[in-house]
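A quick write-up on the structure given underneath.
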Amino acid sequence: RARLFGAASVSSRTFTASSAQHGPSNLRNLIGGELRESQATDWIDVTNPATQEVISRVPQTTAAEFDQAVENAQEAFLSWRNVAIPQRQRVMFRLQELIRQHTDELAANITLEQGKTLADARGDVFRGLEVVEYASGMARDMMGELVENVASGLDTYSIRQPLGVCAGICPFNFPAMVPLWMLPVAITAGNSFILKPSEKDPGAAMMLAELCLEAGLPKGVLNVVHGTNETVNRICDHPDIKAISFVGSDGAGRYIYERGGKHGKRVQSNMGAKNHAIVMPDANREATINALAGAAFGAAGQRCMAISAAVFVGGMDSWKQGLKAKAEGLKVAAGHEEGADVGPLISPESKQRVEGLIQSGIDQGAELVLDGRGVQVPGYERGNFVGPTMLNKVKADMDCYHQEIFGPVLVCLEAETLDKAIAIVNAEQHGNGTAIFTQSGAAARKYQNEIDVGMVGINVPIPVPLPFFSFSGWRGSFAGDLPMYGKQGAAFFTRTKTVTANWKAADDQAGMRAPGLDS
Ligand code: NAD
């Protein structure tokens, strides 16, 4: 791994200030199978959110470097698309094994740069690994169709072909999982790929890129270009890039969807969320409290499938103390510390924003049930920590409700009936995930049927589909047609060619007619 990070290898890093003695290293781009120093004049610091230590620096890739990456990807595509699919799948089989071998190293880097607990970081890697497992048998989702005898002696069949150079733009919150939502599917389908990791925590993506090379991926099939908005604009505008897979916030997602679309690209844009849990009075008490606490405060609430709003049907009173006690019991600590449940937020700006939204809730009339502001974490006084926070009596017009908080904050609402709870969820702009907690099959079925949200959990707090399904957020949480991974992800990275063929025996050729002219 040391090659990627210059002098200081990730595995040799420590979590303390002592690693600063090596000084931050400059990340390289991966272009045409080579790790290249950037000639960038602008560099972005990658910091440890538990300490503010600068870990590495990310280049704002130059225009020439970017064009070089696309040129290499285009060239690699022309041969990669004709590599036999079992061989492309075998690269994914080898990649699986390498990711398993290096899970601890990847997780350590994620905790260092992103802040989540080591257990969550391992989960981040594992959920990505499952997509690599899916891609290892992806040919079945690339099958076409055939109808025999569309006219006498003529057959029509459709085949799925790769698009060309595709690109992925990633958020900070899942530094391994999100790149792995994209690149295994795109590449196994026969495309080449340009990956832009989050500038906030690019280390895991670089390690994965190196593992792809080790797994035998030919040079140029995967390229990594770093940077922020400028790199994203180049991805949207470059005529040789055919499709963009985006995961991130609403503003960036809408912008990329429109800008990429204007340039004729296919775009799948997975954006922000406000995932509601509906808690029915008959819900199993202990299981529901455990599920809510884990889904609202785990990963410091920085999950696009976090439960960030809870609607208590019949009122919150009977749940309040139990949930508060559970939340208070969670340990706020640096992610690598033993027993840590809630790590730091990604940046000081993020902490300030989350604290500001908590205050706005109080100012606008919400009841502060638990306040995680000002939490002290000994030894990590400069970390971006916010402890679990609960606001009750929240209303739809409050800022803490209609903005995505993306922190360990659960906003609580109350509804008299299930119908009213459903109306609340359906009126909110996002539609990523939701969960209902109940022991009534009829209530669960009604919820599943009437809720205008793309991923539904029934007594399951974070219903992220495994990769043989697809990640199907709806409404404000998704722009595009085909979602990520699974059969629909394979469709996103391929297009249909339809062939009509006449292989009639030679002595029948004289009577050949074009289809549609027979009548
Ligand atoms: P972000 O939108 O700030 O950044 C995502 C990517 O877009 C980064 O690579 C960044 O460089 C780029 N970017 C940001 N602003 C841009 C701009 N103005 N112009 C061009 N490019 C821009 O998101 P984030 O803060 O890294 O991630 C958190 C967000 O991601 C949350 O809103 C969360 O809900 C969302 N998310 C959604 C899903 C999903 O599947 N729907 C999954 C994970 C995260």
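When restricted to residues that are within 11 Å of residue 479 (Cα to Cα) and touching an Asp or Glu at 6+ places or on another chain (Cβ under 8 Å), the range 229-265 contains 1. Looking only at residues in the range 393-446 that are among the small types (Gly, Ala, Ser) and not in a helix (DSSP H, G or I), the one that is farthest from residue 173 (Cα to Cα) is 440. Annotation: of all residues in the range 468-500 being away from the ligand (no atom under 14 Å from the Cβ) and assigned to a strand (DSSP E or B), the one that is farthest from the chain's Cα centre (by Cα) is 500. Residue pairs whose Cβ atoms lie under 8 Å apart, sitting 6 or more positions apart in sequence or on different chains, and linking a residue in the range 473-488 that is open to solvent by less than 40 Å² (accessible area, probe 1.4 Å) to a partner that is among the acidic types (Asp, Glu) and in a helix (DSSP H, G or I), are 476/250; 486/141.
Search the range 136-151 for residues being free of Cβ contacts under 8 Å to residues at least 60 places away in the same chain and small (Gly, Ala, Ser), and hand back the single one that is least open to solvent (accessible area, probe 1.4 Å).
That would be 136.
Restricting attention to the range 384-435, the residues that are among the aromatic types (Phe, Trp, Tyr) and over 21 Å from the mean Cα position of the chain (by Cα) total 2. The set of residues in the range 308-355 that are open to solvent by 30 Å² or more (accessible area, probe 1.4 Å) and within 16 Å of the ligand (Cβ to nearest atom) comprises 348, 349, 351, 352, 353. Condition first: in a helix (DSSP H, G or I) and hydrophobic (A, V, I, L, M, F, W, C). Now tell me which residues in the range 127-151 satisfy that. Those that are in a helix (DSSP H, G or I) and hydrophobic (A, V, I, L, M, F, W, C): 129, 131, 132, 135, 138, 139, 142.
The values are calculated or read from the model by the stated rules, or taken from the named source; none is laboratory data. Treat the numbers as computed from the prediction; the structure is a model and nothing was measured. Note: ideal-geometry Cβ built from the backbone for every residue, glycine included; neighbour counts use all protein chains shown. Ligands, DNA and RNA are excluded from the accessible area calculation, which covers all protein heavy atoms including side chains. Shrake-Rupley method; radii C 1.70, N 1.55, O 1.52, S 1.80 Å.
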